[in-house]
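Structure record follows, encoded as structure tokens.
The values are calculated or read from the model by the stated rules, or taken from the named source; none is laboratory data. Not measured: the values here are computed from a predicted model. For neighbour counting, all protein chains shown are included, and Cβ atoms are generated from backbone atoms with ideal geometry for every residue, glycine included.
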Amino acid sequence: MISLEIQEKIEQYVKSCGCELYGVELLRENNQEILRVSIYSPQGVSLDQCQEVSQLLSPFLDVEDPISSEYVLEVSSPGVERVLKNPRHFLLSLGEEIEVKMMDKSKIQGKLLSSDEDSFVICGANGEQKIAYSQTKKVKTIFQW
């Protein structure tokens, strides 16, 4: 687990590159620890921005050493279609089309209009609906081709 203090410092580095921090995850894939830093920009994230963030974070993480084992730093975009897991993700996705899978297994699609700490508002086929995060099973942005 990465401390809140380290995440806040990572966020400062990401912002200095003109992006927003979308998330920080520590995971294990193929017996390798990976520190995945996802960055976001409404205009999209370029490979150059990922490289810039990586080059800024590497020395900082070498000094702070937030993970006791060896790991790989991975900086990437969360993608065009991404899962919205917390209020921050919803704020960064305002105005985008989303798909909501409810706890009762029904689905709602529409534009994300607003969000706060407890709920969000979507405008879909049934008009505007306020939905509590606790009522949802999975929410993701959807890209219309």
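Results, tabulated for the structure shown:
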quantity: Number of positions in the range 32-51 that are surrounded by 12 or more Cβ atoms within 10 Å (Cβ to Cβ), part of a helix (DSSP H, G or I) and of a type outside the set (S, T, N, Q); calculated: 1
quantity: Per-region count, the range 59-75, residues under 21 Å from the mean Cα position of the chain (by Cα) and farther than 14 Å from I6 by Cβ; calculated: 3
quantity: Per-region count, the range 93-119, residues closer than 23 Å to Q43 by Cβ and in contact with a helix residue (DSSP H, G or I) (Cβ under 9 Å, 6 or more places away or on another chain); calculated: 4
quantity: Residue tally, condition in a loop (DSSP other than H, G, I, E, B) and either of a type in the set (G, A, S) or within 21 Å of D116 (Cα to Cα) (or both), over the range 82-106; calculated: 10
quantity: Matching residues, the range 77-118, being among the small types (G, A, S) and in contact with a strand residue (DSSP E or B) (Cβ under 6 Å, 6 or more places away or on another chain); calculated: S93, G110, S114
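Each row is one residue, and each column tells you yes or no for (1) more than 30 Å from M102 (Cα to Cα); (2) at pLDDT below 90; (3) surrounded by 12 or more Cβ atoms within 10 Å (Cβ to Cβ).
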position: N30; (1), (2), (3): yes, no, no
position: V53; (1), (2), (3): yes, no, yes
position: L56; (1), (2), (3): yes, no, yes
position: D62; (1), (2), (3): yes, no, no
position: D65; (1), (2), (3): yes, yes, no
position: V75; (1), (2), (3): yes, no, yes
position: G79; (1), (2), (3): no, yes, yes
